[in-house]
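The values are calculated or read from the model by the stated rules, or taken from the named source; none is laboratory data. Everything numeric here is computed off the predicted structure, so don't read it as measured data. Methodologically, a virtual Cβ is constructed for each residue, glycine included, from the backbone with ideal geometry; neighbour enumeration extends over all protein chains shown.
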Amino acid sequence: MTRTDTAPPLAGSANRKPGRRIRLPAETGAAVGLAALVGLLGWLQPSFLDPANLSLLLGQAALPGLLAIGMVFVLTMRDIDLSAGAAFHLAAAAAALLMIAGIDPWLAALAGIALGAGLGLINGLLAITLRLPAMVVTLGTWWMIEGLSLVAGKGQTIAPPGANSGFFTTLSGKAFAVVPAACIVFALLALAMHVVLHRTRFGYRVQAVGSNSQAAAYAGIPTPKVRLLTLVLMGAIAGLAGVIHVGAQGSVAPGDGSSFMLLAIAAAIIGGTSLSGGHGSVIGAVIGILLVQVILSAMNLLDVDAAWSTFATGALTVLALAVDRLFRMWRNLRAGHGEDNLLG
Amino acid sequence: MSDSPILFVRNVARRFGGTVVLEDMNLVIERGSIHAVVGESGAGKSTLIKVLAGIVRSDSGTIEFDGKRATISNPNAARKLGIGVVLQQAGLFPERPVLANLFVNREPLHNGLISRREMEARSRDLLRQLGLAVDVHAPLGELGPAERQLIAIARALLENPRLLILDDPHSALDRRETDRLFAVLRGLKGKGMSMLYASNRLKDALAIADQLTVIRNGRDVLSKARQELTTSEEAMIGQLRQSLFPLPLRAMPTLAGTLRPQLAVSGLGGGRLSDVSFAARAGEIVGLAGLAGSGVSDLIALLFGAQKAGAGRVRFPDGDGLPKTRTEAARRNICMISGERGNGLMQDKSIAFNLANVVVGARDWGSRWYSPVMALGRAARQIEALRIRSAPSTPAGSLSAGGQQKVIIAKWLEIGPQVVLLDEPARGIDIGSKQEIYALIRQMAASGCIVLLHSRELSELTGLSDRILAFHQGRLAGEIAGADMDGARLLQLIAPGEAEGEGQQTSREGVA
């Protein structure tokens, strides 16, 4: 960059001219990866593209996907909710038990969602009154909630009666014979929450708190309220996923949803949500959870031992983190801020 | 040991992106002497030091250390050469014991375990030499600022460096603590240590230095031995900042004094502050002077709702009392701009996002939606008005320090503030941006804001304020206005008994 001789040389005040590079959305990497993988699998194993298989895949992606949407908000706020999977299970168990007790399934479902939101509220209140990161608080509540669901279900599968009532037929139904109902809820909620994160005051505050909570507080952003609402949102979404699970499966088994919390975090990270807060992408998380499920399903189709699927999910998360990190380091280096990394 | 200089810096240049920080820097440090580098913040002092410490690499130029050409590519290389560095942010761990801070990453091992006994043995003499009688097992945070600074120096000295570099080591210290630091440095010089001492306080640099280099805009503009410095040159360096402050603008000529809205504080106490009363009118810049611990920062925190008041009453121009939270303050158009940019800036977010902080983030009225289009419009307007040389979508963290501070100011200007609390608003930024920010502060006052300005740089207070309130140990120690406002007068008020004016200071230097 050249400097003209007429301008006074004020060291430090001239900023880098804004680059003209086209800014690709953060989700691009994951989306390209997903498309390539689906293409590759369709070519290797044409049965992968069967409607039945795709329908199964979508159904498996929807529930952890819902949790991933909430997790995007929590991660964007530079926090993490470890209790989401347990809240999912407790909400499902509670809804199922209420149905057994004879309460209208729709009402019981509503109660399940409210229970999820309540668990989020408890997490949030603990986090803001004790001024602890949500990760620490939810590490504790995770076990508490898990313990409660074990007590509630007595370690047994809970199967509410009335499998042909409206609630169950709606949620286990499929649109156009392929798309499970859970998927439609997932897609609609993802779109809505994407708008909430990027286009509303609440979403703005979540990003602001995640980017620099100190600066947010000094700018007058009500940070405790934002943290509380975000954790309540996460809980409510976990509750929603729980009752959809009851509706779609017709029962709740003890181990259900045990891997969802980690899947949700992995999906959010793969989709470009930054663990250091400030940036999040709901659409990215949708792509992320699809990517994870495609890989799991591919391993199944290609007869890889099921035990390897957990390993694969973890490896993919590490890969996504590494790619994201390397990209950032490369960009910092180009911007001339390379020494930042040197300091750690 | 030869008598040739220990360090040569020749034509060193460094730029960050398009920003030239060091342009053509030359420096020669003699053995066994204290060499002061003075210049406004932003002139390139810190970068020069980081180059010598191996934290930042120079783009061009050569460095010669101890007669040999040296490439200092990382902090370890600097350490191996024998360059000890005490940075402005010393990188200490307040929660860890003093000993752990002294031996960070270099803990002596005994059978594979960290040997506390050996750490004690190795540090005992050094600490005594520095006049530090502290419990080495106490957490560092329990020590005073001067002691912490000396610990940072001790840590550098444990390496047995041949050149000790100190970046603005007394910025957090008061007069007495500074004198103590200087005594230690003179003692080290007596033992043959060479030192590079960077500062933006000329008077202190003159008091300690054997040689002096003045740098401006990344160049060395003057380099001389202390004794050879003529009084006219001294005066010239002193006047570097004279033209910094814009003339006062005529404020609100239509309103008579008594009708102007005012902030009335009576008997306010809380934190270190006790029983403080004063009033500030719209259109006025009221300076708040006080050392660390004088209660000025508590006053600002109280007025901004960041801290609870213990006693007293405050009436803001809108008729209400103290805000209970920062959110309430922001909603009532009370704003706080701090020089601590970590408290004001979202580095990884765009300028447009940052500028929406208060308008969208703090308020609970207006649209519930965040419109990127409106944010861009807002950003374009403020970028134009404040001459922030960047695009709205640029991450705020990539701006220069001055640009970042302008973004922080701009986000508050968006709401049309009534009361503006400034806590060292121009800390650590270059002269050009400083001037622009000073002009902005004047403008805010002229447009009818009540401006309270706190700064550790007394010249900033005397140059900008209409009157200055001086605080000492939590109490209002006095008020000066008009022609009475000069640095010496102010110093007497904020640090009574420790500074007896400038004459005393130079005579003390003569003795030492």
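A:Ala163 fulfils the conditions (1) in contact with a Gly (Cβ under 6 Å, 6 or more places away or on another chain); (2) surrounded by 19 or more Cβ atoms within 10 Å (Cβ to Cβ); (3) hydrophobic (A, V, I, L, M, F, W, C) except for a single criterion, (2). A single member of A:Ala68, A:Ala62, A:Ala36, A:Ala52 is within 24 Å of A:Val246 (Cβ to Cβ) and surrounded by fewer than 18 Cβ atoms within 10 Å (Cβ to Cβ), and it is A:Ala52.
To keep it simple, each residue is scored yes or no on (1) small (Gly, Ala, Ser); (2) surrounded by fewer than 11 Cβ atoms within 10 Å (Cβ to Cβ); (3) not assigned by TED's automatic domain parsing to the domain that holds B:Glu340.
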position	(1), (2), (3)
B:Thr62	no, no, yes
B:Asn74	no, no, yes
B:Ala78	yes, no, yes
B:Leu113	no, yes, yes
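Scanning the stretch A:176-183 turns up no residue that is within 14 Å of chain B (Cβ to nearest Cβ) and either assigned to a strand (DSSP E or B) or surrounded by fewer than 24 Cβ atoms within 10 Å (Cβ to Cβ) (or both). Looking across the stretch B:307-330 at every residue that is of a type in the set (D, E, K, R) and more than 27 Å from B:Gly397 (Cβ to Cβ), the one that is farthest from the other protein chains (Cβ to nearest Cβ) is identified as B:Arg313. Whether a residue is loosely packed, with under 15 Cβ neighbours inside 10 Å and part of a helix (DSSP H, G or I) was assessed, and A:Thr138 does not pass this test. Taking the stretch B:1-120 and the strands (runs of 3 or more DSSP E) fully enclosed by it, the elements with 3 or more residues that are within 14 Å of chain A (Cβ to nearest Cβ) are at B:7-16, B:19-29. A Cβ distance below 8 Å, combined with a sequence gap of six or more or placement on separate chains, defines the contacts here; from the stretch B:415-429, residues that are closer than 15 Å to B:Leu461 by Cα reach residues that are outside any loop (DSSP other than H, G, I, E, B) and of a type in the set (D, E, K, R) in the pairs B:Ala426/B:Lys434; B:Ala426/B:Glu460. Considering the stretch A:195-222, the residues that are β-branched (Val, Ile, Thr) and surrounded by 22 or more Cβ atoms within 10 Å (Cβ to Cβ) include one that is nearest to the other protein chains (Cβ to nearest Cβ), namely A:Ile221.
Going residue by residue through the stretch B:368-381, is there one that turns out to be more than 10 Å from every other protein chain (Cβ to nearest Cβ), in a helix (DSSP H, G or I), under 20 Å from the mean Cα position of the chain (by Cα) and crowded, with 19+ Cβ neighbours inside 10 Å? No, the stretch B:368-381 contains no residue that is more than 10 Å from every other protein chain (Cβ to nearest Cβ), in a helix (DSSP H, G or I), under 20 Å from the mean Cα position of the chain (by Cα) and crowded, with 19+ Cβ neighbours inside 10 Å. Quick check on the stretch A:148-169. Is at least one of its residues at pLDDT 90 or above, in a helix (DSSP H, G or I) and among the aromatic types (Phe, Trp, Tyr)? Taking every residue of the stretch A:148-169 in turn, none turns out to be at pLDDT 90 or above, in a helix (DSSP H, G or I) and among the aromatic types (Phe, Trp, Tyr).
In summary, B:Glu340 fulfils each of the numbered conditions (1) buried (at least 18 other Cβ atoms within 10 Å of the Cβ); (2) within 14 Å of chain A (Cβ to nearest Cβ); (3) within 22 Å of B:Cys449 (Cβ to Cβ); (4) touching a residue at least 40 places away in the same chain (Cβ under 8 Å) with the single exception of condition (1). In summary, B:Leu469 fulfils each of the numbered conditions (1) over 20 Å from the mean Cα position of the chain (by Cα); (2) crowded, with 19+ Cβ neighbours inside 10 Å; (3) more than 25 Å from A:Tyr218 (Cα to Cα) with the single exception of condition (3). Against the definition (of a type outside the set (Val, Ile, Thr), facing another protein chain (nearest Cβ under 9 Å) and in a strand (DSSP E or B)), how does B:Met346 come out, yes or no? In short, no.
Applying the set (1) within 11 Å of chain A (Cβ to nearest Cβ); (2) in a helix (DSSP H, G or I) to B:Glu384 leaves exactly one unmet item: (1).
Looking across the stretch A:163-177, just one residue is touching a strand residue (DSSP E or B) at 6+ places or on another chain (Cβ under 9 Å) and either at positive phi or of a type in the set (A, V, I, L, M, F, W, C) (or both), and that is A:Leu171. Checked against (1) touching a helix residue (DSSP H, G or I) at 6+ places or on another chain (Cβ under 6 Å); (2) within 10 Å of chain A (Cβ to nearest Cβ); (3) among the polar types (S, T, N, Q); (4) within 26 Å of A:His198 (Cβ to Cβ), B:Ser398 meets all criteria but (1).
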